[in-house]
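Accompanying notes for the structure given below.
No lab work stands behind these numbers, since they all come straight from the coordinates. Keep in mind that this is a model prediction, so the values were computed, not measured. Ideal geometry is used to build each Cβ from the backbone, glycine not excepted, and the neighbour counts take in all protein chains shown.
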Amino acid sequence: MMHESLKKVRVSDRRAFIDARLNRTFTKMQLSARSIRASRTAQSAAHQGLCPPTVARSRPHRLPPVQASTAVVEAPVLQQAADTTLQHLPLILEQLQQDEQPCQLLPGNFFDEFQLGETLGQGSYGTVRACTHVPSGKQYAVKILSKRKGNEERSEIIMREVRLWAQLSQHASIAQLFGAYEDANNIFLVQELLTGGDLQGLLDSQGTLCEADAAAALRGVLSALAACHAADVCYGDVKPANFMLASMWPSIAHVLDPAKPKGDMRLRAVDFGCAQFCPDGCSLVQGLSGTPVYMAPEVITDHCHSISMDVWAAGVMLYQMLTGQFPFWDTDMAGLGRIHPRQILKDVQSGTVLLDVAACANLSADARDLIAKMLVKDPEQRITAAQALQHPWLQQQQQQ
Ligand SMILES: Nc1ncnc2c1ncn2[C@@H]1O[C@H](COP(=O)(O)OP(=O)(O)OP(=O)(O)O)[C@@H](O)[C@H]1O
Ligand SMILES: [Mg+2]
């Protein structure tokens, strides 16, 4: 199935970003997960009471990010690595390993050891495919990033993704990065295979999540962000397509018999392509970075990147999960695709968060309160990821 999405663009070509469109293919895995969910929608609604899934969508939309061309600051532990070229990627990972960092080096040529499988996802910057490590028979996912698409800047961005991800990849809410390979044309980032599809796929199939399920999802997102922020890393591209379900959710047992539990929702962050090291509050970056609908006002106005931009984006996600709409536009993802991206950026800067529209009518007071605290325009006044995890709405939903 093909669907329309805004085209990825280098930040150096903002006009192209603003005007572009492209079609992309959904993964087989997402399609099968979606068709299972769609087929059980009516059945499940009757059994769920407070938590019914909504009607499946047939034309999902995805929103790609733009990446800042250069990081202003690099993580000090990796400063030396930042000066090397991609030719030294294995050495960099070895160095990380010696420093007891979580990323493991898998030496050799990628194709000597791995066999490629089905395509799992097509991002703006890379194709993600399943792969088998032939000697062990273990399954992984590999993100294949073309070196040919760009110049030295592109290599720097990939290096930044590897370094920041490697530092954080041991956290339970972050996908594990196992290693990286390079050949003349591509970089291969070998990571854990996450088989439940991404959160955007779940929203495409269900439309909205009930408060308990949205709280479980937000908990995973915030816990990944809190880990990044504790390491002064700004994740930079919080959106549902970058959070994967570690396994099928709801469980197959629930799909077959809605009286059975849905199981735990275990989300993991992938894609550190827009991550930045932001140790001193706001880092000024060249151009825009992130995905416009989820961009915080200070990013658009001042190109200021700080960890609080992630909390803003998670607030937009929370609004999306609970209402199927977006905070400044009384419309769903399909409607949003018809608004000019330049207008989207203006609305984020000057608009008021819509909490009085019909889509929000049934939200609990605590859910509204958390949305409002995450979507405070002044980044200094915005709730932090760690504070949000303690918010009564998340605490109550966990106890129920
Ligand atoms: N470890 C994984 N296991 C299974 N599927 C994955 C994994 N990592 C990514 N995917 C799928 O591939 C898609 C693209 O991956 P990723 O976000 O890393 O690429 P990208 O080019 O940086 O994306 P974009 O820039 O458009 O956000 C994800 O949205 C997800 O559906
Ligand atoms: Mg992505």
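Let me know the charge dipole size of the stretch 247-352 about its Cα centre in debye, to the nearest 20, where only the beta-carbon of Lys, Arg (+1) and Asp, Glu (-1) is charged.
Details: 7 positive and 10 negative charges, 62 e Å.
So the dipole magnitude of the stretch 247-352 works out to roughly 300 debye.
Placing one identical point scatterer on every Cα of the stretch 182-299 and ignoring solvent, what is log10 I(q)/I(0) from the Debye formula at q = 0.10, 0.11, 0.16, 0.20 Å⁻¹?
Rounded to two decimals, the profile gives -0.39, -0.47, -0.88, -1.19.
Using R₀ = 56 Å, calculate the FRET efficiency as 1/(1 + (r/R₀)^6) where r is the Cβ-Cβ separation of residue 352 and residue 136; round to 0.05.
Details: r = 54 Å, r/R0 = 0.97.
Plugging the Cβ-Cβ distance into 1/(1 + (r/R0)^6) gives 0.55.
Considering only Cα-Cα distances, which of the following residue pairs are longer than 30 Å: 143/346; 143/239; 239/262; 147/346; 239/377?
Numbers: 143/346 33 Å; 143/239 18 Å; 239/262 23 Å; 147/346 34 Å; 239/377 18 Å.
Beyond 30 Å: 143/346; 147/346.
Given Cβ point charges of +1 (Lys, Arg) and -1 (Asp, Glu) and nothing else, what value in debye, to the nearest 20, does the dipole of the stretch 196-399 about its Cα centre take?
For this selection, approximately 240 debye.
Quick one: which of 159-172, 177-190, 338-351 comes out on top by average Cβ neighbours within 10 Å, and what's the full order, highest first?
On the way: 159-172: 22.9, 177-190: 20.8, 338-351: 15.1.
In descending order of packing, they fall as 159-172, 177-190, 338-351.
In the P(r) worked out for the stretch 196-399, what percent of Cα pairs fall beyond 25 Å?
Cα-Cα pairs in the stretch 196-399 separated by more than 25 Å: 33 percent.
Relative to the compact-globule scaling 2.2 N^0.38 Å, provide the ratio for the alpha-carbon radius of gyration of the stretch 210-271.
1.28
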